[in-house]
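Note sheet for the following structure.
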Amino acid sequence: MKTSHRTIAALVGAASLAATASALRAAEPCPTQCATGKVPLGVAVPLTGTAAAFGKPTARAVELAVGEINKAGGLLGVPVEPVIADDRCDAGMASAVVKRHANGNVRFVIGSACPAVVMETAESYAKSGVIQFVPTVTAVELTQRHPDNVFRMVASDEQEAKALVSYLAREQQGKKLAVVFGEFFYRRAMAKMIDAALSNEQKKLTRIESLADVSGAYDRLADRLQKTPPDIIYMSLDAKQAAEFVGKLRARGIKSMLMGGQHLLSASFWANYRSAAQGIYVVTPVASTQFPAVRNSIDLLNAAGVTTDIVTLSNVAAVQTWAEAVKRAGSGDANAVLAALRAGTFDTAVGPVAFDAKGDRRDIEYSVLSWKDGRLVPGVQ
């Protein structure tokens, strides 16, 4: 069924659910679910495959956030229904995910947490006018290619690089830095962005090292760093690479402060690599619990026994942002919702969220967090 760029539903205020459903059916065109009084919200998560360990709690977090909306009377009086698609964290599943959401008459999607899936699905969603909230994918290219329909809930790689450099200049002035990046496009790009953000004085104190994922490479680089240890080592590596490299550094008695990207805030990083994760620092856009929406969202997840980390919180924030934008727009009309998203600031599970013209976050509140005994704690210990 072909869906219009213009509407998911009219969602105009009405005295009763029946009246609202009637108004929705009059929209052009009306999704099938409108007749039952449900607003479909697309969700893409890995429920099976190697990434299911974080996908399942993510899906549950979205369901809890939607449940809060429905407990409060729904979205403009209409209950919200998640339409969940299993993407397996596999780009090959992208077409099946898009089809699942098209069949469900979805006009707004949250997900995926997996870069390969997001980059594949974004093109199809953009062509059909679907607005996509991306909770955790940081690649700069995403919003560069799709500035009209993608909204990112975390910092982009470029924003993270600037935040890291700003933190180092403010809190670690004069310290020697080593940036270690993996031989993968996004990791290499992150290292380049950090280098570009460094001041001339910082560049004099910085070395940038490539870490090939081949036999002996981790030992060779650890040996070089041991000879002249930097004060800080920033790792633009995936979780498995970071864990292995940290093991090599600690085996050599290297005491440098270890830092990494936002993806190392995932609870699965701790679950899989406890000893390596301990003491690793991340400059992150997850705001402190001084914000009621952050505190309340953490309480919501904890009460349900759901993992609280950047993945689940960013997905909850996406639900909250979408729902509030629809309320402010007064309807589910895509253009009205887009205008609301670009005009306002939203109180969410990751703190206040506002977007720039490309759909990236602006005015981000940053915190420094580290892993300590399975918990993320603020500040440098």
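So the values come out like this:
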{"read-out": "From 299, 347, residue being surrounded by fewer than 20 Cβ atoms within 10 Å (Cβ to Cβ), at pLDDT 95 or above, within 18 Å of residue 154 (Cα to Cα) and acidic (Asp, Glu)", "value": "347"}
{"read-out": "The stretch 156-178, residues that are touching a Ser or Thr at 6+ places or on another chain (Cβ under 6 Å) and under 12 Å from residue 259 (Cβ atoms)", "value": "177"}
{"read-out": "Options 139, 191, 163: the member that is outside the structural domain of residue 99 (by TED's automatic domain parsing) and within 28 Å of residue 61 (Cβ to Cβ)", "value": "163"}
{"read-out": "Options 327, 358: the member that is part of a loop (DSSP other than H, G, I, E, B), modelled with pLDDT of 95 or more and over 13 Å from the mean Cα position of the chain (by Cα)", "value": "358"}
{"read-out": "Every residue from the stretch 118-134 that is modelled with pLDDT of 95 or more and in a loop (DSSP other than H, G, I, E, B)", "value": "130"}
{"read-out": "Filter result for residue 30 (at pLDDT 75 or above and part of a loop (DSSP other than H, G, I, E, B))", "value": "no"}
{"read-out": "Residue check, residue 125 hydroxyl-bearing (Ser, Thr, Tyr) and surrounded by 23 or more Cβ atoms within 10 Å (Cβ to Cβ)", "value": "yes"}
{"read-out": "Residues of the stretch 263-286 that turn out to be aliphatic (A, V, I, L, M), modelled with pLDDT under 90 and in a helix (DSSP H, G or I), as a count", "value": "4"}
{"read-out": "In the stretch 59-82, residue surrounded by the most Cβ atoms within 10 Å (Cβ to Cβ) [restricted to those that are in contact (Cβ under 8 Å) with a residue 60 or more places away in the chain and within 15 Å of residue 303 (Cα to Cα)]", "value": "61"}
{"read-out": "Verdict on residue 148 being among the charged types (D, E, K, R) and within 22 Å of residue 57 (Cα to Cα)", "value": "no"}
{"read-out": "Candidates 261, 253, filtered to the one that is under 23 Å from residue 373 (Cβ atoms), of a type outside the set (A, V, I, L, M, F, W, C) and surrounded by 23 or more Cβ atoms within 10 Å (Cβ to Cβ)", "value": "261"}
{"read-out": "Total residues in the stretch 151-182, condition of a type in the set (Gly, Ala, Ser) and outside any helix (DSSP H, G or I)", "value": "5"}
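Residues are listed down the side, and each one gets a yes or a no for (1) part of a helix (DSSP H, G or I); (2) more than 20 Å from residue 136 (Cα to Cα); (3) among the basic types (Lys, Arg):
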| site | (1), (2), (3) |
| --- | --- |
| 320 | yes, no, no |
| 332 | no, yes, no |
| 365 | no, no, no |
| 376 | no, no, no |
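The values are calculated or read from the model by the stated rules, or taken from the named source; none is laboratory data. Given the structure is predicted, the values throughout are model-derived calculations rather than measurements. We place every Cβ from the backbone using ideal geometry, glycine too, and count neighbours over all the protein chains shown.
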